Each structure stands twice: as structure tokens, then as C-alpha cells.
1. Can you tell me which residues in segment 99-112 are closer than 14 Å to A60 by Cβ and assigned to a loop (DSSP other than H, G, I, E, B)?
2. Can you pull out every residue in segment 55-85 that is closer than 23 Å to N137 by Cα, part of a loop (DSSP other than H, G, I, E, B) and small (G, A, S)?
3. Starting from residues that are polar (S, T, N, Q) and under 30 Å from L16 (Cα atoms), keep the ones in segment 36-89 and report whichever is surrounded by the most Cβ atoms within 10 Å (Cβ to Cβ).
4. What are the pairs, 6+ residues apart or on separate chains, where a residue within segment 67-78 that is over 14 Å from S212 (Cβ atoms) and of a type outside the set (A, V, I, L, M) has its Cβ under 7 Å from a residue that is at pLDDT 95 or above and in a helix (DSSP H, G or I)?
5. Just name the residue that is nearest to A44 (Cα to Cα) out of those in segment 98-108 that are buried (at least 24 other Cβ atoms within 10 Å of the Cβ) and out of contact with any Phe, Trp or Tyr (no Cβ under 7 Å at 6 or more places or on another chain).
6. For segment 86-98, which positions are under 11 Å from H56 (Cα atoms), charged (D, E, K, R) and part of a strand (DSSP E or B)?
7. Could you identify the single residue in M84, M90, M143 that is modelled with pLDDT of 90 or more and farther than 18 Å from S212 by Cα?
Amino acid sequence: MNTLRTGLLLAAMTGLFMAVGFLLGREQGMVLAFVFAAGMNFLAYWNADKLVLRMHGARAVGRQDASEFHDLVADLARRAGLPMPRLYIMDNPQPNAFATGRNPENAAVAATTGLLQLLDRDEVAGVMAHELAHVKNRDTLVMTLTATIAGAISMLANFGLFFGGGRDRNNPLGAIGAILVIIVAPLAAMLVQMAISRTREYGADRGGAEISGKPMALASALAKISGAASRVVNEPAEANPATAHLFIVNPLSGARMDNLFATHPATENRIAALRAIAQDMGHVASHSSAGSARRRGPWG
């Protein structure tokens, strides 16, 4: 059902893009919109992971750089039946993480120094298992393409404004209708993008709980990350808000409510879902970061 819903939302996004092209330029506009979308998606498919990692100043690390972190991710990847992803660390005080890449064979996972300093080993494992679940479900490709189409819709609407689509007699909407398209189309695209993002986060939480085997450690991590992220500014994310939906917790200031405009579900809702998963798995619904068996880094 989750896959079907996401497919329908992606179809809606693509249909919206084509509709905007038609409404602003009839058949010619629709053809141009199709060509533009195809080009954007081609570039996103092959290069989006490199661009995102560069935007956030992520540096590649190997076992020689962060042995404990590397071995933890390698073990989780084996449990998930995935190839070892490329591993990155971002020198960023905000605790957060994301995954990117067009498929499991070309995936990358990145964590901030803030996350590695804040969380204990089980919690880090829960977060990285969540990101590997995104990779396994191929969410990273879906989210990248969705973000690309959403951005293209906004650009197309702006083209309609600057090139006078509303003054064209052949425009089926006329001037007022074209203005409405320019305003409404990007908003509609954003709503579809947010809906897809929230759907995928719940799925990755469940997948991460299954991979790590410790759903309440992930729940504890989400609580800590969410609380700290609201206080610590993530400057690269603020400069590139289109990538916000890739992170495990919204890296932007504000927008913490579970509504149509949120990039992520409310943390409280995600924790409640993880508690239910823990009960289904026969786990005690608690997690403590204290104790000698749960120690923080060093992670490199």
C-alpha cells in the first residue's frame, strides 16, 4: 500500500508538471515541459548524490578514518542484505543524517559530527539502520526525482510569468488563470513532495527497527536529535532547503508539526509508531543511554 501510494503521488507530480506546461503554452508548452523534465531527471539520476554531499560539506571516510563507525555501518549493511555504502561525515554541530544515491550499489550515507557526539552506539545504529532502510527501499531515488520535479514546476511557473504566458491569446486560462497557475502550481507540488517524504519516513523507521533489531534505540535517537536540531542551526541545510526532506529529522528551523507543510512526521508520532513496533517484536518499550554497554564514540 505504501508503494502504491507513493507511485500515485509521483504520478500526480508528473501530471501536474505536464498540466502546467499545457496551461501556459498549450501543446507546445506541454512538449517543452516534458523535455525539460526529462533533462532534469536525467541529471538528477546520475549526479544528485554528488551534488547533495557537496552542498553539505560531507567528507568521505574509510575504516582507517573512523573504524568504529565504519564497522557499525558495515554490520548493519550485512544485516540488511546491502552492499557497503560509501560513508561520509559532515562537520556540522546539528545532530542529523541522510542517505543518497540512485540505487543500493551506488548509495552513500552521511552523519554529522553532532550526531556522533550526542548519541550512544545503539542509537547511532538505529539512525544508520533507518538510512539503510531508505537505501533498501530505493527511497533516495524517489525523493530526489520528486524534489527535482517540484523545483522544475516552480521554474516553469516563473517562466510563464516572465515570458508573458497570460498575455498569449492561445493560453486556455487567460491572464488571471495564468497568474493562478504561477501561484498554485508550486504550492501543489510542494504538498505532493511533503506527502511523499512523510510516507517514506514512517517506512524507513520500521525498516530501521527491523535491521537494527532495537526499535526503542531509534526512538530514543529521534527524541534526542529532534530536540537538539531545533536549537542548533544547520547552515548548509538552511542555504539548500530543497534537501531538507533527505535528513532523518527536519534540519530547518520551525515546521515541526505533522501537517501538509511539514517535511517530516511529528517526532512524537514516529516514536509512538516505534513503540508499537517494539511491542510487536517483543521488546520492552524503553531505552537508556546510560550504562557501560552503551558508550558514545569516538566515531572519528
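The values are calculated or read from the model by the stated rules, or taken from the named source; none is laboratory data. Keep in mind that what you see is a predicted model, and the values were worked out from it rather than measured. In this analysis, Cβ positions are derived from the backbone assuming ideal geometry, glycine residues included, and neighbour counts consider all displayed protein chains.
1. Matches in segment 99-112: G101, A107.
2. G81
3. Here is the first cut: in segment 36-89, the residues polar (S, T, N, Q) are 41, 47, 64, 67.
If we keep only those that are under 30 Å from L16 (Cα atoms) too, we end up with 41, 47.
Values: N41: 17, N47: 12.
So the residue we want is N41.
4. F69/L116
5. In the first step, residues of segment 98-108 are kept if they are buried (at least 24 other Cβ atoms within 10 Å of the Cβ); the result is 98-100, 107.
Next cut, out of contact with any Phe, Trp or Tyr (no Cβ under 7 Å at 6 or more places or on another chain) only: 99-100, 107.
Numbers: A99: 15, T100: 11, A107: 14 Å.
Here the answer is T100.
6. Correct list: empty.
7. Working: M84 fails: farther than 18 Å from S212 by Cα; M143 fails: modelled with pLDDT of 90 or more.
Result of the check over M84, M90, M143: M90.
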